[in-house]
1. Looking only at the range 194-207, count how many residues are open to solvent by 70 Å² or more (accessible area, probe 1.4 Å) and modelled with pLDDT under 95.
2. Please work out which residue is least open to solvent (accessible area, probe 1.4 Å), limiting yourself to the range 293-312 and to residues that are among the basic types (Lys, Arg) and part of a loop (DSSP other than H, G, I, E, B).
3. Checking the conditions here, which among LEU247, LEU291, LEU276 is within 27 Å of ASN68 (Cβ to Cβ), of a type in the set (A, V, I, L, M, F, W, C), at pLDDT 95 or above and in contact with a helix residue (DSSP H, G or I) (Cβ under 7 Å, 6 or more places away or on another chain)?
4. Taking the range 179-193 only, how many residues are surrounded by fewer than 18 Cβ atoms within 10 Å (Cβ to Cβ) and either at pLDDT 85 or above or among the hydrophobic types (A, V, I, L, M, F, W, C) (or both)?
5. Hey, can you tell me all the residues within the range 42-64 that are surrounded by 14 or more Cβ atoms within 10 Å (Cβ to Cβ), modelled with pLDDT of 70 or more and out of contact with any helix residue (DSSP H, G or I) (no Cβ under 6 Å at 6 or more places or on another chain)?
6. Listed residues HIS326, HIS349; which is open to solvent by less than 80 Å² (accessible area, probe 1.4 Å), free of Cβ contacts under 8 Å to residues at least 60 places away in the same chain and more than 26 Å from ARG281 (Cβ to Cβ)?
7. Would you check which residues across the range 313-343 are in a helix (DSSP H, G or I) and among the polar types (S, T, N, Q) and list them?
8. Output the residues belonging to the range 90-112 that are open to solvent by less than 70 Å² (accessible area, probe 1.4 Å) and farther than 30 Å from GLU48 by Cα.
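The values are calculated or read from the model by the stated rules, or taken from the named source; none is laboratory data. For clarity, every value in this text was computed on a predicted model and none was experimentally measured. Here the Cβ is made from the backbone with ideal geometry for all residues, glycine too, and neighbour counts use every protein chain on show. Only protein heavy atoms, including side chains, enter the accessible area calculation; ligands, DNA and RNA are left aside. Shrake-Rupley method; radii C 1.70, N 1.55, O 1.52, S 1.80 Å.
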Amino acid sequence: MAIVFRPDAKRLKELGHGRVAHVPVLFDRNQRYCRAHNAYLRVRAKLEWHPVSGTSEASAARGVPLPNTMLRMAYSIANFIDWCEARHVAWEEITYDQVVTYQDEQMRGTWSSKTKRKLKSETANARADEATHFLRWAAAANLRRPFNVRTVTKARRVRTGTASGTGRSVVLVREGRARQEHGSSESTLIFLPRAEEVRDWLRRVKVQRGYAKALACRLILETGLRKQELVALTTAQMPSVEMLAHLQAEGRDVAPIRVTVTKGQRARTIQVPLPLAFEIRNWIDTRRLTLAHRFNRRNQDTKKTASERLFISDAPGHEGTVIEHHTIYRCFYEVKPRPRKWSPHFARHAFACYYLLHALEGEAKTANSSFRDLGADWVQSRGRFWLNMLRRQLGHVSQDTTDIYLRWLTTATGISNVAVSWHKFLECADDATEVP
């Protein structure tokens, strides 16, 4: 099995290799260095080649790929290396038809990390796409024979919500790419957890993984941040005590925070509930200072200093170590009992749905009614208004992405009782009793 090795990024930066410090390194099952595959990862990281434009002179990339993007690329290429070895085919000779076979075998379950496990079309497509990109680059770099990819032209509408009309995106898609199910996210919303489930799980995170990780998880639950966006936040991005006090004096319920490291590298401003913002600010000015001091004292020989990242660990022996996205994922996946289908991404779905329901229930209550009594047309109209607010909070470009929540909302009558005061579960006083 191919190995994905993550080097010490800080050390590489000190040695003058900052442009590739975040790039993983690949070794095959015999622990041999995969020279061509690693070269591909480096040129992608440095934007010297891009799948759309080819060379950097006409690069279509918005910016340098983020570390998590490079890690995803590396794991996809590692899976392709394993497949080539298992099927006894050389990547220098492989054809496009064989890449399509690689994709189809994943969907049929004849090629996966688990025996006979059928993978989703999204996963199979992504891996086959990355294999195709690598082989195209290798052919252009004269590392293999020419690699011809059959493509078809497809067009789709893109609604941004900023105009009454719609945009049109025309793209070249490789032939044979599997059709993806666009309603999968909507179907998973039937597993939305109850507020009590989430509150109990969050207490378990605090007991089992510590206050810092519980606070980070809570920020996802109350703002819908992606885990990669969460771990990239710095202390400087949080409002000062004076600013929070000013917002409170004006009767504001939320505090704005500018998020700069995002998917697609489009900065946006999110709204954080004021009580949570106060709690994070207090943690920065008290407990976090102690954790950073312990990290500096523990690493005084190497002269390493604590990171400015917002969330650092409070685990014994690891005080001050940066909390990374995989640690956040493990909190959602490993702390049990937990809500069904629970993950940081599903927590974003939960935030979005409860945000809509809470907003509409508030409006209906003002009108001395309920949103079900006001009818589907009212739900659709006011739901569209709150969706535009939600789209900015979540960082969705296309309006279609957030429309799944509106479609879910119109059929949520049977489970609307779980939506009462989504944010109130975090306002309850912490239970002094430890939850096992």
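1. Restricting attention to the range 194-207, the residues satisfying the condition of being open to solvent by 70 Å² or more (accessible area, probe 1.4 Å) are 194, 196-197, 206.
Now narrow it down to the ones that are modelled with pLDDT under 95: 194, 196-197.
Count: 3.
2. Here is the first cut: in the range 293-312, the residues among the basic types (Lys, Arg) are 294, 297-298, 303-304, 309.
Those left that are additionally part of a loop (DSSP other than H, G, I, E, B): 303-304.
Values: LYS303: 170, LYS304: 83 Å².
Here the answer is LYS304.
3. Details: LEU247 fails: within 27 Å of ASN68 (Cβ to Cβ); LEU291 fails: in contact with a helix residue (DSSP H, G or I) (Cβ under 7 Å, 6 or more places away or on another chain).
When all the criteria are applied, what remains is LEU276.
4. Quick first cut of the range 179-193, residues surrounded by fewer than 18 Cβ atoms within 10 Å (Cβ to Cβ) only: 179-188, 190-191.
Checking the rest, the ones that are also either at pLDDT 85 or above or among the hydrophobic types (A, V, I, L, M, F, W, C) (or both) come to 190-191.
Count: 2.
5. Scanning the range 42-64 gives VAL43, ARG44, HIS50, VAL64.
6. Details: HIS349 fails: free of Cβ contacts under 8 Å to residues at least 60 places away in the same chain.
Residue meeting the stated conditions: HIS326.
7. Pass one, the range 313-343, residues in a helix (DSSP H, G or I): 325-334.
The answer is THR327, and nothing else.
8. Residues of the range 90-112 that are open to solvent by less than 70 Å² (accessible area, probe 1.4 Å), as a first pass: 90-92, 94-96, 98-107, 109, 111-112.
Correct list: ASP104, GLU105, GLN106, MET107, GLY109, TRP111, SER112.
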